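The values are calculated or read from the model by the stated rules, or taken from the named source; none is laboratory data. These numbers come from a predicted model, not from an experiment. Backbone-built Cβ (ideal geometry, glycine too); neighbour counts: all protein chains shown.
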Amino acid sequence: MADDAGAPASHVKPCYAELVAGRTYLWCACGRSRTQPFCDGSHRGTIFRPLPYTATADEEVLFCACKETRTPPFCDGTHNNLSTTYEQDDPDSPANRAIPAITAGWGGKARLDGGCTVCSIDDASLEIRGVIRHRQIIGADDGALHQSLFYLECGRGSSPVAGFGDRHVILFVTSGQGRIVIGRRVFAVEANTGIHVRPGEGFRLENDGSEPLHVFAAACPRADVISWGDTMPDRFEDRFPQRTVTLDPAARQRIGDRFFQMLVDKTIGSDVVTQFIGDIPQSKAMPHRHLYEESLIVLSGEGWMWTERLKARVRTGDTIFLPRKQVHSLECTAPGGMLVVGVIYPGDNPSINY
Ligand code: FES
């Protein structure tokens, strides 16, 4: 049991716990227990009963502490939307004013605490492969364990075939218009399209227009090289026919004062890797952590990325890497807000934080 084990029932964040395979845990459902998140018998005389959970493996979990989750005993992010508990941080508090700003160093990266990075892409750092200019942005050098991120810029024409072996590849088109060929299938793509290429499949970008097609590709688990070739692998998993997702205002979900829409997720067959697009108003979130590794691309707006001892400027076009469990807070300083697209892995819900 970890740091939040003794939190009172009114604690607004979930309780982190390290579980042992085969052991059964009794989650407090009534909120009265003084040994949160576990039952201490205080439910006696109420209609509540503790909920048992048997760990199937040694695992790290977040037990719900607010007792409002729809997926008991685990947190589903609902605590963020409880009007009595959601808080913002004050970037001008004395403690925050003492945190120094750092600037980018080698590779255009500002390196914050715990391996968190903010990266700006410049032309000089791009490699050329046919009509593609590309570079790796997140990888082993950053301490990434679960995902890597690549930038691809496709000029007019047809790209070589790209592949990442047995990884899931989650792409996002930031600008331009064209097509992606996956195996024997062709999909039209444009700005704000999320794309899923499944393990073992290859893909090729096609661009008939005069403007480049700008694309980010996250490989999960991490891959540090793109396998380029001329021949498309004869593989397309037909049981997952939908491979692209576009913006849909009706699909937006709220998380505190922020909104997000799932793009590539389990509804189209991506069970362990999730892509979302998020809308952040001018504000600073309270510092928090996630159990997943996360990459973010800033599509519009600007602000600051904060960790516990440092902060770095973020602007439109920058990318952010967040290791698991790293304390952080993203502040938007633009009156018009900030738009980001993110990939989380392993995970299926970007609103679960602690
Ligand atoms: S703590 Fe209850 S849903 Fe997160």
Inset, instruction - Only one of these is among the polar types (S, T, N, Q) and more than 16 Å from residue 245 (Cα to Cα): 175, 210. Name it. - result: 210
Legend entry - Wholly enclosed strands (runs of 3 or more DSSP E) of region 174-241 bearing at least 3 residues closer than 22 Å to residue 119 by Cα: 213-220
Inset, instruction - Filter region 150-207 for residues that are within 21 Å of residue 248 (Cβ to Cβ) and of a type in the set (Phe, Trp, Tyr) and give the result. - result: 172, 187
Inset, instruction - Could you check how many residues of region 157-178 are in contact with a Pro (Cβ under 9 Å, 6 or more places away or on another chain) and β-branched (Val, Ile, Thr)? - result: 2
Inset, instruction - For region 216-231, state whether one or more residues are buried (at least 17 other Cβ atoms within 10 Å of the Cβ) and touching an Asp or Glu at 6+ places or on another chain (Cβ under 6 Å). - result: no
Inset, instruction - List the strands (runs of 3 or more DSSP E) that sit entirely inside region 17-78 and contain at least 2 residues that are of a type outside the set (D, E, K, R) and touching a Cys at 6+ places or on another chain (Cβ under 8 Å). - result: 24-27, 59-63
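Test residue 73 against the stated conditions and say whether it is more than 9 Å from the ligand (Cβ to nearest atom), modelled with pLDDT of 95 or more and closer than 19 Å to residue 256 by Cβ. Steps first, answer last, please.
Values: more than 9 Å from the ligand (Cβ to nearest atom): yes; modelled with pLDDT of 95 or more: yes; closer than 19 Å to residue 256 by Cβ: no.
Against the criterion (more than 9 Å from the ligand (Cβ to nearest atom), modelled with pLDDT of 95 or more and closer than 19 Å to residue 256 by Cβ), residue 73 does not qualify.
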Inset, instruction - Kindly list, by first and then second residue, each pair from a residue in region 233-252 that is assigned by TED's automatic domain parsing to the domain that holds residue 196 to a residue that is at pLDDT below 95, limited to pairs with Cβ atoms under 7 Å and residues at least 6 apart or on different chains. - result: 236/184
Inset, instruction - Kindly provide the set of residues from region 262-296 that are in a strand (DSSP E or B), of a type outside the set (D, E, K, R), farther than 21 Å from residue 187 by Cα and touching a Leu at 6+ places or on another chain (Cβ under 8 Å), ordered by number. - result: 278, 280, 285, 295, 296
Inset, instruction - Please find, within region 32-66, the residue that is farthest from residue 14 (Cα to Cα) out of those that are within 25 Å of the chain's Cα centre (by Cα) and surrounded by 17 or more Cβ atoms within 10 Å (Cβ to Cβ). - result: 61
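Conditions (1) within 19 Å of the chain's Cα centre (by Cα); (2) farther than 22 Å from residue 75 by Cβ; (3) at pLDDT 95 or above, marked per residue:
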site	(1), (2), (3)
203	no, yes, yes
258	yes, no, no
269	yes, yes, yes
300	yes, yes, yes
Inset, instruction - Give the residue that is nearest to the ligand (Cβ to nearest atom), with candidates limited to residues of region 43-70 that are aliphatic (A, V, I, L, M) and touching a residue at least 12 places away in the same chain (Cβ under 8 Å). - result: 65
Legend entry - Condition broken by residue 254, with the remaining ones in (1) assigned to a strand (DSSP E or B); (2) more than 22 Å from residue 168 (Cα to Cα); (3) touching a Gly at 6+ places or on another chain (Cβ under 7 Å) satisfied: (3)
Inset, instruction - Kindly check whether there is at least one residue in region 314-327 that is within 19 Å of residue 81 (Cα to Cα), surrounded by fewer than 16 Cβ atoms within 10 Å (Cβ to Cβ) and either without any contact (Cβ under 8 Å) to a residue 12 or more places away in the chain or among the hydrophobic types (A, V, I, L, M, F, W, C) (or both). - result: no
Inset, instruction - Report yes if some residue within region 318-336 is among the aromatic types (Phe, Trp, Tyr), more than 24 Å from residue 105 (Cβ to Cβ), more than 16 Å from the ligand (Cβ to nearest atom) and under 12 Å from the mean Cα position of the chain (by Cα); otherwise report no. - result: no
